[in-house]
Amino acid sequence: MVRFGNVLNSSGSVVPLFLDQIEKGGPITVTHRDVTRYFMTIREAAQLVMQAASMAKGGDVFVLDMGEPIRIVDLATRMAQFKGYSIKSDANPDGEIEILFTGLSRGEKLHEELLAGEDVAGTDHRKIMRAEEHFVPWPELRPALNTLESACNSYDHKTIRAFAESLVNGSDLESQLGGASGSAPILSLHGRQTWKA
């Protein structure tokens with residue numbers, strides 16, 4: 001598996017959307033003034049993915065070095081200026097195109113994260129890193145999945161959420177569960193705590 005950010009001008013990229021909005025005279029829609037994303041060209045992404053695939057030994061997770069994140073509002077501004085338009089703002093009320101902030105969607109992050117943790121190791125390629133991610137061995141995962149299945153069958157949303165959060169590195173399950181009922185004992189999962197139905 002190879003993880004990387006946004007590919008410029010690919011399907012789903014903001015670039016075609018912004019170009020279309022600019023051609024129509026605006027507004028350019030951006031979710032938040034401070035939202036940032038990583039970007040890479042199609043060619044660079046394709047080359048790095050193929051090189052990462054050649055390094056794989058099975059079950060590897062590679063992360064591409066995407067450089068510095070870019071503020072989306074800066075990208076929108078530069079694209080409009082490149083097309084010869086000025087941005088309408090408080091400082092420039094006579095600008096030709098307005099940037100409209102629409103708000104983050106539910107679950108959308110202000111800043112993109114390519115890794116849940118910080119553990120990465122270098123490879124022979126300076127722009128390809130290997131993620132050293134936590135995994136749960138099958139003998140420990142099987143009873144935990146039984147717990148999850150039981151929670152799903154009983155529509156126990158708190159237990160389902162606690163289970164999911166316990167599998168993510170950096171999750172502070174104790175504080176997340178707060179005043180949980182004593183009727184649901186805790187199952188230890190590879191040094192982490194998970195609710196047992």
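The values are calculated or read from the model by the stated rules, or taken from the named source; none is laboratory data. Treat the numbers as computed from the prediction; the structure is a model and nothing was measured. Neighbour counts run over all protein chains shown; Cβ positions are idealised from the backbone, glycine included.
Below are the figures for this structure:
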quantity	calculated
Filter result (polar (S, T, N, Q), at pLDDT below 85 and more than 21 Å from the chain's Cα centre (by Cα)) within segment 125-175	175
Any chance residue 43 is free of Cβ contacts under 8 Å to residues at least 24 places away in the same chain and on the phi < 0 side of the Ramachandran plot	yes
Among the candidates 17, 75, 100, residue that is out of contact with any Leu (no Cβ under 9 Å at 6 or more places or on another chain), in a strand (DSSP E or B), in the same structural domain as residue 126 (by TED's automatic domain parsing) and farther than 29 Å from residue 124 by Cβ	100
Residue pairs meeting the criteria (Cβ under 9 Å; at least 6 apart or on separate chains; first exposed (fewer than 12 other Cβ atoms within 10 Å of the Cβ), in segment 150-179; second at pLDDT 65 or above)	157/151; 172/165
Residue within segment 60-68 that is in the same structural domain as residue 86 (by TED's automatic domain parsing) and more than 18 Å from the chain's Cα centre (by Cα) present	yes
Index of the failed condition, residue 113 passing every other in (1) surrounded by 10 or more Cβ atoms within 10 Å (Cβ to Cβ); (2) at pLDDT 80 or above; (3) acidic (Asp, Glu)	(2)
